[in-house]
Structure formats: C-alpha cells, structure tokens
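**Q** I have a structure I would like to understand better, so I am pasting it below and will then ask my questions one at a time.
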Amino acid sequence: MKTDIYIKLQKKFGGQWIASSRDGKIVYASGKAVDQLFKKLKEKKISSQKTVIGFVEKYGQISAYFSLSI
C-alpha cells in the first residue's frame, strides 16, 4: 500500500478496522471493532478472504511495536 493512500485512509478511517482491496483504493467495510467489520462484510455478502483486513492508526499518531523473546 502506498504511503499517500494510507494517509488518506488514516484521515477517513483512523482508529478503525477496515476491509479493503489489496491496493487500498477500495474500502469494502469499516468498523470500530473487528466484530462490526465482519458483520458488515457479511451483510454486504463480501467474502473476508477476498479482502485485506487491518487496523488503521489515527492520523498523526506514532506507534512503535516490539517483541520480547524469553
């Protein structure tokens, strides 16, 4: 997904889960919770396997992720 597309997604869907096309240009459904997202996909009769599902960070938010191995 290109950065400029992701910024547009952040401005519109920040803080939500989305189901989109592989290139991120089409958003099929969105929701604050994953359950809402799957419910909307089911209502629209869109297979979740044919979408890319992910969480969109809020615009301007900086997040750091790390893993601890014990």
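The values are calculated or read from the model by the stated rules, or taken from the named source; none is laboratory data. None of these values were measured; they are calculated from a predicted model. Heads up, the Cβs are rebuilt from the backbone with ideal geometry, glycines too, and the neighbour counts pull from every protein chain shown. Heads up: the accessible areas ignore ligands, DNA and RNA and are worked out on the full protein's heavy atoms, side chains in. Shrake-Rupley method; radii C 1.70, N 1.55, O 1.52, S 1.80 Å.
**Q** Among the aspartates and glutamates, which fall within straight-line cross-link reach of residue 44, defined as a Cα-Cα distance under 17 Å, with same-chain neighbours fewer than 8 residues apart omitted?
**A** Here the aspartates and glutamates satisfying the reach criterion relative to residue 44 are 35.
**Q** Suppose the chain between residue 4 and residue 67 were pulled fully straight at 0.36 nm per residue; how much longer would it get relative to their current alpha carbon spacing? Can you show the working numbers first?
**A** Details: separation 63, 0.36 × 63 = 22.68 nm, distance 2.78 nm.
The residue 4-residue 67 span can extend by a further 19.9 nm.
**Q** May I ask you to give the percent of accessible area on the chain that is carbon plus sulfur, with a probe radius of 1.4 Å? Could the numbers behind the result be given before it?
**A** Values: 3100 of 5670 Å².
After summing per-atom areas, the C and S share lands at 55 percent.
**Q** Sticking with this one: For the chain, what does the helix formula give at 222 nm: sum of -39500 (n - 2.57) over DSSP H segments with n ≥ 4, over the residue count, nearest 500 deg cm²/dmol?
**A** Value at 222 nm, helices only: -9000 deg cm²/dmol.
**Q** Dipole of the chain (Lys/Arg Cβ +1, Asp/Glu Cβ -1, origin at the Cα centre): which of 27, 5, 64 lies farthest to the positive side?
**A** Farthest towards the positive end: 27.
**Q** Leaving out ligands and nucleic acids, note down the accessible area per residue over the chain with a 1.4 angstrom probe, in whole Å².
**A** On the way: 5670 Å² over 70 residues.
Counting only protein heavy atoms, the per-residue value for the chain is 81 Å².
**Q** Follow-up question, since we're still on this one. With Cα extents along the principal axes in Å in mind, check [x] 40, 34, 20; [y] 55, 25, 20; [z] 47, 20, 17 and report the label derived from this structure.
**A** Answer by label: [x].
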